[in-house]
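Novice: Quick one: the structure is below, questions incoming.
None of the figures in this text is laboratory data; all of them are computed from the coordinates on show. Not measured: the values here are computed from a predicted model. When we count neighbours, we look across all protein chains shown, and the Cβ atoms used for this are built from the backbone with ideal geometry, even at glycine.
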Amino acid sequence: MTAASTDNLADLAAAGVSIWLDDLSRSRITSGSLAALIRDQHVSGVTTNPSIFQAAITSGTDYDEQLASLAAAGADADAALFAITTDDVRAGCDVFASVARDTNGIDGRVSIEVDPRLAHQTAATIEAAKALFAAVGRDNVYIKIPATLEGLPAIAAVLAEGISVNVTLIFGLQRYRAVMNAFVEGLERAHEAGHDLRTIHSVASFFVSRVDTEIDGRLEAIGTDAARALKGQAAVANARLAYQAYEEVFTTPRWRSLADEGARRQRPLWASTGVKDPAYPDTLYVVDLVAPDCVNTMPEKTLRAVADHGIVRGDTITGEYAAAQGVLDAVEAQGISYIEVVELLEREGVEKFEKAWVSLLADVTGALARA
C-alpha cells in the first residue's frame, strides 16, 4: 500500500463515512489481519451474514479443534454453529473494543445475524436476538434482523430491550421508511422502560448492487438504446433517495424529542457494495455514495480498490435527489416496476441467506460426525 492509497480511505472517513469490512473469519482475528485493517486502513466495524460464515467455516482447518470439542460434548449442528459464530463475533468485538470506546459506541461494531430461517417469524426472531446478545456478551455487538414485514415489530421489540440492532436486507424506499419508524418506536419504548438511550445504537443496511443487477438485466432484455443508457444508475439513485428519507425522518419533532433524551440516529449503511458487473469500477458503490453519518461495508476487494484508486470527492449524495428520482422514473417508464423489483430482491435475499445457513448446517453436521 502506498501513502497516497491510504489517504483515499482517510478522505472517505473524513467525509463522514464509517468504513466497515463485510467479512469475518477466525483466521482474520488470530492472524492480526483484522487489527491491521483497523490500524492501517481506517476500518471501524465488521458485518457478517450466513454466506460469510459459510465461507469461513468450510475453508481450511481453523475450526477443527472446536468442532472436535463440540462433538465430544454431544452438540448438534445448531448448537455447534451458535457456539462457533458467537465465539468469532465476541472475539471480533474485543478487537474493536478501543474503537467502540473512542467513538462512544458509534463505531467499533461487529454484527451477527439471527437464524435466517426465522425471517418471517416475529416472536422467534425476538427470542433469537436476545439469545445472541446474551451469548456474545459484548456491548459493541449488533444483532442483525431482516427488514421483512414480520421483522419490523421484532426490530422495535429488541431495541425496546436496550439491544442495538443492525436492520438488514432493505431494498426499497417504502420499507426503509418503515424500518426507521420501527427504530423510533423501539427507542420510545426503551425510554419508557427506563433504558439509557445513549447506549442504544442502530444502522439500517440498505442493499445497493443487487438493485443494479436486477434492473440492468431487465433493461438489457428491453434492448433499446434508451433502456441500455440507464444501466448502472438505478442502485446509486435508490440509495441517494434513501439518504433523503433519512434526512427527513431524523429532523422531525418526534425524533427531536428522543434526541433531547440522548438518542442517536439510526445511520444508513450501504451494503452489498461489491460490484457484480465487471464493466463497472470496483469503487462505484463507494465514491458515489459519500455523505455524513453513514456507513459503507465493503468486501476487502472493494476496500483495496478504494484505497488504491478511489477518488473521494466529498459529499456525493446530498443535492442529487431530483436527479436520482429522475433515474427511477426513467426506469419505470421503460416498463420496469420498482415495487416488483424490490419485493423480488427481498424474497431472494432471505432465500439466499437461508440456503447458505442450511448448507452450512449440513457441513457442520458432517464435520461433527467425522470428529
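Novice: Lysines within cross-link reach of Lys276: Cα-Cα under 17 Å, excluding same-chain residues under 8 positions apart?
Specialist: The qualifying lysines are Lys231, Lys301, Lys352.
Novice: Only loop residues by DSSP count here, and only those with at most 11 other Cβ atoms within 10 Å; note down the GluC sites (Glu not before Pro) in the range 163-267 that meet that.
Specialist: Values: sites: Glu185, Glu188, Glu192, Glu214, Glu220, Glu247, Glu248, Glu261; in loops: Glu261.
Listed in order of number, the matching sites amount to none.
Novice: Where a Cα-Cα gap under 19 Å defines reach, which lysines qualify for Lys130, not counting those fewer than 8 residues away within the same chain?
Specialist: Once the sequence-local lysines are set aside, what remains near Lys130 is Lys144.
Novice: Round to a whole angstrom and tell me the spacing of the C-alpha centers of the range 293-371 and the range 68-118.
Specialist: After rounding, the separation between the Cα centres reads 22 Å.
Novice: List the DSSP H helices in the chain whose Cα atoms stretch 24 Å or more along the helix axis and whose mean Kyte-Doolittle hydropathy is at least 0.5. Don't skip to the end; give the middle numbers.
Specialist: Working: long enough: 77-95 (27 Å, 0.56); 173-192 (29 Å, -0.49); 338-370 (48 Å, 0.26).
Span-like helices, by this rule, are 77-95.
Novice: Now a separate question. Translational D (Stokes-Einstein, µm²/s) of the range 3-365 at 37 °C and 0.692 mPa s when Rh comes from the Kirkwood sum over C-alpha pairs?
Specialist: On the way: Rh = 20.8 Å.
Estimated diffusion coefficient is 158 µm²/s.
Novice: Which trypsin sites (Lys or Arg not before Pro) in the range 209-286 pass both tests, a DSSP loop state and at most 15 other beta-carbon atoms within 10 Å? Let's see the in-between values first.
Specialist: Details: sites: Arg210, Arg218, Arg228, Lys231, Arg240, Arg254, Arg256, Arg264, Arg265, Lys276; in loops: Lys231, Arg264, Arg265, Lys276.
Answer by residue number: Lys276.
Novice: Same structure, new question: So how far, in whole Å, is the C-alpha centre of the range 1-66 from the one of the range 138-210?
Specialist: Going from one Cα centre to the other spans 24 Å.
Novice: Moving on. Against the 2.2 N^0.38 Å scaling, with N counting residues, where does the range 97-152 land? I'd like the Cα-based Rg ratio to two decimal places.
Specialist: So the Cα radius of gyration is 1.24 times the expected 2.2 N^0.38 Å.
Novice: Karplus couplings for the range 290-299 from phi (6.51 cos²θ - 1.76 cosθ + 1.60, θ = phi - 60°), rounded to Hz, Gly and Pro as x?
Specialist: Karplus values, whole Hz, x for Gly and Pro: 9, 6, x, 6, 10, 10, 10, 9, 10, x.
Novice: Which value at 222 nm does the chain reach when only helices count, each DSSP H run of 4 or more adding -39,500 (n - 2.57), with the total divided by all residues and rounded to the nearest 500 deg cm²/dmol? Write out the running numbers ahead of the final one.
Specialist: Details: 18 runs with 214 residues, N = 371.
-18000 deg cm²/dmol, from helical runs alone.
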